[in-house]
Amino acid sequence: MTEIVRLTATDLTACRDGLGELLLDAVADGASIGFLAALDHADAAAWWLRYETALADGSRLTWVARDPGGRILGTVSLVLGDKDNGRHRAEVVKLMVHRDARGRGLARRLLDTAEHAAAAASATLLLLDTRTGSPAERLYHSAGWTRYGLVPGYAADPDGTLASCSFFYKSVG
């Protein structure tokens with residue numbers, strides 16, 4: 001059974017290599033998650049460490065899904081609103097599931113985890129963005145998210161091709 005656990009700032013250092021592997025797998029599969037194909041393992045692992053302070057102060061919540069052997073199969077993060085007039089908002093970011101673990105409902109479980117945590121943190125409005133036409137976009141539609149916009153050529157895919165991005169929201173809590 002795959003276990004989903006919330007990471008602490010301390011856990012992040014111990015998990016950085018597994019998270020780096022997951023990030024590399026997503027980029028190799030063409031996911032438009034902010035990285036180009038030239039990303040290497042050292043940079044992928046180091047990228048995660050940039051969020052140590054945010055995990056420690058609670059402004060970013062991150063979960064990992066692990067198989068019984070401890071291998072990281074997926075992750076999702078929730079970034080809580082930091083503006084006085086936006087504390088009711090949060091953003092779901094970096095939902096990733098390793099290609100070896102897809103098709104088993106893990107992305108939905110991770111998304112549900114982030115949604116429940118947002119409600120527990122009094123965030124009633126969630127936001128996210130994803131590449132238009134991607135499997136992730138279909139997931140968000142099926143999970144009750146509403147697309148509110150599409151921007152052509154918003155971000156480059158790992159191969160450098162500009163792709164459209166769809167923006168979603170969902171009320172929770």
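The values are calculated or read from the model by the stated rules, or taken from the named source; none is laboratory data. Keep in mind that this is a model prediction, so the values were computed, not measured. Virtual Cβ from ideal backbone geometry, glycine too; neighbours counted across all protein chains shown. Ligands, DNA and RNA are excluded from the accessible area calculation, which covers all protein heavy atoms including side chains. Shrake-Rupley method; radii C 1.70, N 1.55, O 1.52, S 1.80 Å.
Hey, what do the phi angles of region 164-172 turn into as Karplus ³J(HN,Hα) couplings, whole Hz, using 6.51/-1.76/1.60 and θ = phi - 60°, x for Gly and Pro?
6, 10, 9, 10, 10, 9, 8, 8, 10
Show me 114-120, 40-46 ranked by packing, highest mean number of other Cβ atoms within 10 Å first. If you can, show how the numbers build up before the last one.
On the way: 114-120: 18.0, 40-46: 13.9.
Highest to lowest by the protection proxy: 114-120, 40-46.
Determine the per residue accessible area of the chain with all protein chains present and a 1.4 angstrom probe, expressed in square angstrom. Could you put the intermediate results ahead of the total?
Numbers: 8590 Å² over 173 residues.
Per residue, the chain has 50 Å² of solvent-accessible surface.
Where does the charge balance sit around LEU36 when Lys and Arg score +1, Asp and Glu -1, over other residues with C-beta under 10 Å from its C-beta?
On the way: positive: none; negative: ASP157, ASP159.
Surrounding charge for LEU36 is -2.
Calculate one ³J(HN,Hα) per residue across region 113-128 by plugging θ = phi - 60° into the Karplus curve 6.51 cos²θ - 1.76 cosθ + 1.60, and present them in order as whole Hz with x for glycine and proline.
4, 5, 5, 5, 5, 4, 4, 5, 8, 6, 8, 9, 10, 10, 10, 6
For region 82-87, what does the Karplus curve 6.51 cos²θ - 1.76 cosθ + 1.60, with θ = phi - 60°, yield as ³J(HN,Hα) per residue in whole Hz, taken in order and with x for Gly and Pro?
Once rounded to whole Hz, the list reads 10, 9, 4, 8, x, 5.
Suppose we keep just the DSSP beta bridges with both residues in the chain; what percent of those would be antiparallel, to 5? Can you show the working numbers first?
Details: 31 of 34 bridges.
Approximately 90 percent, going by the DSSP bridge assignments.
Under 5 Å between amide hydrogens, which residues at least 5 positions from LEU7 or on another chain qualify, with H placed 1.01 Å from N in the peptide plane?
THR62, TRP63, VAL64
Please report how far the C-alpha centroid of region 135-162 lies from that of region 28-94, rounded to the nearest whole angstrom.
18 Å
Just to be sure I understand the model, the point goes 7 Å from the Cα along the line to the Cβ. What's the resulting LEU139 to ALA14 distance in nm?
In this crude spin-label approximation the distance works out to 2.5 nm.
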